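Below is one structure, written out as structure tokens; comments come after it.
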Amino acid sequence: MTENTIENSGTTIQFYAGLKTIGGTIFEVKYKEERFIADFGMVFQNKEGVQARPQAMISELQAIGVIPKISGVLKTDEVDKNATIAISHLHLDHIGLLQYVHPDISIIMSEDSKTLYEHLHTIGEEPNVDVERQVKSVPYYQPILVSENIQVEFFPVNHDAIGAAAMRITTPDTTIVYSGDVRLHETDLDTANLPNIAGSPDILIIETTNVQEEFLDSNPVIQSEADKLIPDLLEIESPIVFNIYHRNVKRLEILIEAARQKKRMIVFEPDTAYIVQAFNLEAPHVRYLIDEQANSNISVQIQKIQSITIDEVRDNFSSVWFQSSYHHIRALLDLPVKGATYVHSNGVPLGSFDPTYAELLEWIDKLGMEFVVLGVSGHATATQIKWLADAMKAKVTIPLHGFTPELLKGPNQTFLPEKGVTYQLPTLNKMSQ
Ligand SMILES: [Zn+2]
């Protein structure tokens, strides 16, 4: 073989999403015909957000840029069995498009992610995936061949989603480490240990969510979720209405613990109560709301948590913390919520980039509640990301998943890929448009 043919049959990489945005991440590593796709996130939410799921819409969603033009893996495609999708963690910007994936494509994720994914599937949050057949779990620290020449190894990292993983992707000519999303609190030893176990790759692909101008020179001490949130919650004397994100199981635990300390009853919607039970977080002061419209299939599975009716909640409202998902916000019309505190705790709509966020604020205002945002970033600070990138000692650092990735400089070469371009690895020369 000439050198030229060797080069052309070597590893390539292409980025479909996640460039200059904190929206969905998707990139593909290819060796010969073998394809390894890392994450499959929602690129951009349309008005219905995550609720839009009919299959017939795939081509329309591609036309408006919600689904990238990626071949051979979507339900409407002729399936390419050489492709595998690997998931770093269960946030929607990393898995939001799995519902459109062809049933013959394997999806791999960490064991903890798979456990949570199954529960989310049960409550209807991750529909249209044949979890049993299609989703496989991968143990940490164990290299797995996903195809003849592509190997992946998962490493645990800390993030505000259970089961979060970084991955090292090895092909015959390149080693790539992908950080996934990472947090680096003092106790986040898994993230801190990543350079020791996966350092010195050819390429590091690293998230840059908090790498923004205003954060570059500050290195705020970020307290752990429990240390920050429990005291903040305990200070609130009024009844609390809150939203949360199921994928942050730790946050559920913190809310339940804070309510216990405050001697309040905490009331969850049935779907959330199901997750509470699935992770053994039930307690005497936890209730689930009887909801006629809810999936009765779920309610019958909640056996370890007592139920409560909306009338009972109303009668005891001053001693209740009450969950209110945005799509159930009308339930608040039946409750004396005037003067209550609405605690936004990372539930959807998450922020002003989501068009329904303004509507949420309007509801809260009309209902006479005080709005408080209580959360802890799941992402390392700019300074910590810089530390991590340096410690990883990659030959090439590719900053991703941030509004200003260009502000991160790796210890050696730093490379900013363009969307839709195929690059040859490890040189990163352009192969095609
Ligand atoms: Zn994330």
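The values are calculated or read from the model by the stated rules, or taken from the named source; none is laboratory data. Nothing here was measured: the structure is a model prediction, and the numbers come from that model. Counting neighbours? That spans all protein chains shown, and the Cβs are built from the backbone with ideal geometry, glycine included. Surface areas here come from the heavy atoms of the whole protein model, side chains and all, with no ligands, DNA or RNA. Shrake-Rupley method; radii C 1.70, N 1.55, O 1.52, S 1.80 Å.
General observations
- Kirkwood's formula applied to the C-alpha pairs of the range 229-303 gives a hydrodynamic radius of 12.9 angstrom.
- Over the range 180-261, the ratio between the Cα radius of gyration and 2.2 N^0.38 Å evaluates to 1.42.
- Exposure check, 1.4 Å probe, all protein chains in place: Lys304 carries approximately 120 Å² of accessible surface.
- For the chain, fraction of C-alpha pairs farther apart than 43 Å, in %: 14 percent
- For the chain, the relative contact order is 19 percent, taking Cα pairs closer than 8 Å that sit 6 or more residues apart in sequence and dividing their mean separation by the residue count.
- Cα-only radius of gyration and Dmax that characterise the range 85-160, units Å: 12.2, 37
- Residues whose placed amide H lies under 5 Å from that of Ser106, excluding near-sequence neighbours: Ile85
- Enclosed volume per residue, in Å³, of the convex hull spanned by Cα atoms of the range 312-352: 84 Å³
- Most tightly packed first, judged by the mean number of other beta-carbon atoms within 10 Å of their residues, the peptides 133-139, 205-211, 399-405 read 205-211, 399-405, 133-139.
- Based on Cα atoms of the range 132-200, Rg over Rh with Rh as the Kirkwood radius reads 1.00.
- Placed amide H near Ser307: partners under 5 Å, 5+ positions off or other chain: Tyr288
- Evaluated over the range 84-223, the Cα radius of gyration and Dmax, each in Å: 15.9, 48
- Dipole in debye (nearest 20) - the range 231-328, about Cα centre, beta carbon charges: Lys, Arg +1; Asp, Glu -1: 300 debye
- Cut-off 13 Å between beta-carbons: net charge of the residues surrounding Gln134, Lys and Arg +1, Asp and Glu -1: 0
- Remark: relative contact order (the range 225-373) = 29 percent; criterion is Cα-Cα distance under 8 angstrom and separation of 6 or more residues.
- Farthest toward the positive end of the dipole of the chain, out of Leu333, Val313, Val79, is the Cα of Val79, where the dipole comes from beta carbon charges about the Cα centre.
- Calculated mean residue ellipticity at 222 nm for the chain: -6500 deg cm²/dmol, from DSSP H runs with n ≥ 4 weighted as -39500 (n - 2.57), summed, divided by the residue count and rounded to 500.
- Relative to the longest principal axis of the Cα atoms of the chain, the long axis of helix 249-262 lies at roughly 20 degrees.
- Long-range HN-HN contacts of Gln413 with modeled amide H, under 5 Å: Thr397
- The range 326-341 - phi-based ³J(HN,Hα) in whole Hz, Karplus 6.51/-1.76/1.60, Gly and Pro as x: 4, 6, 10, 5, 4, 4, 5, 5, 8, 10, x, 7, 4, x, 6, 9
- Per-residue 3J(HN,Hα) values for the range 266-272, derived from phi via the Karplus relation 6.51 cos²θ - 1.76 cosθ + 1.60 with θ = phi - 60°, read 10, 10, 10, 5, x, 4, 5 Hz in sequence order (x marks Gly and Pro).
- Options Phe415, Gly163, Ser299, ranked by Cα towards positive dipole end of the chain, top entry (Cβ charges): Phe415
- Rg/Rh (Cα only; Kirkwood hydrodynamic radius) as it applies to the range 317-397: 1.21
- Using heavy atoms of the protein chains and a probe of 1.4 Å, the accessible area assigned to Tyr117 is about 0 Å².
- Distance cut-off 23 Å, percentage of C-alpha pairs in the range 294-433 lying past it: 60 percent
- Rounded to 10°, Cα long-axis angle of helix 225-234 versus longest principal axis of the chain: 20 degrees
- Cα-based helix-to-principal-axis angle, 189-198 vs the chain, degrees rounded to 10: 10 degrees
- For the range 225-373: span of alpha carbons on each principal axis (Å, largest first): 36, 36, 32
- Taking N as the residue count of the range 157-305, its C-alpha radius of gyration divided by 2.2 N^0.38 Å amounts to 1.34.
- Extreme residue, positive dipole direction of the chain, given options Val182, Val135, Met369 (C-beta unit charges): Val182
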